[in-house]
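Written below as structure tokens is the structure these notes are about.
The values are calculated or read from the model by the stated rules, or taken from the named source; none is laboratory data. All of these numbers come straight from a predicted model, not from anything done at the bench. Glycine gets a Cβ as well: all are built from the backbone with ideal geometry, and neighbour counts include every protein chain shown. SASA here: full protein model, heavy atoms, side chains in, ligands and nucleic acids out. Shrake-Rupley method; radii C 1.70, N 1.55, O 1.52, S 1.80 Å.
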Amino acid sequence: MLPPCSYDCFPICLIRAVEAVGLAPKGHGGSFIEDRYHQILTGLRKDPKNYKPQDVFPINTHGGLLAFGAPWEVPAMYNIIEAVDQLTNRAGPDRQVRNARRALVYGNGGIFSASAVAILSRIPNFSS
């Protein structure tokens, strides 16, 4: 499972990121997100206590910029921290993605003038 963290300052940024990393074909990111949204609503109606939205949409499990705002360049660090929490199983029961082994963190600046991607991985049984 690859829980991405995306810089979602505007809805189009999340849609373009979903397409750019190959989760949805180009031009279909909006419908990809809308479909996942409806799956989550259905799941929450059926089992509001035990349903885990991150099983359907493991993107910005920390809530994204809508959850914590955009204080200058801090969102990029929030995304890295969330990725590390996911990979070390410290995200908590409400956010943890099952079997997270890799995480993709994407960010952009300006008007799509600069972008950066970090891919983090859990190293099983690593000892120094």
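Quick notes
- Selection status of residue 22, part of a loop (DSSP other than H, G, I, E, B), open to solvent by less than 80 Å² (accessible area, probe 1.4 Å) and under 18 Å from residue 115 (Cα atoms): yes
- Flag for residue 40 being surrounded by fewer than 18 Cβ atoms within 10 Å (Cβ to Cβ) and at pLDDT below 90: no
- Evaluated against (1) open to solvent by 80 Å² or more (accessible area, probe 1.4 Å); (2) in contact with a Cys (Cβ under 9 Å, 6 or more places away or on another chain), residue 83 falls short on exactly one condition, (1).
- Residues being of a type outside the set (A, V, I, L, M, F, W, C) and within 22 Å of residue 99 (Cβ to Cβ) - total across the range 22-48: 5
- For the range 53-102, the tally of residues that are of a type in the set (Ser, Thr, Tyr) and not in a helix (DSSP H, G or I) stands at 2.
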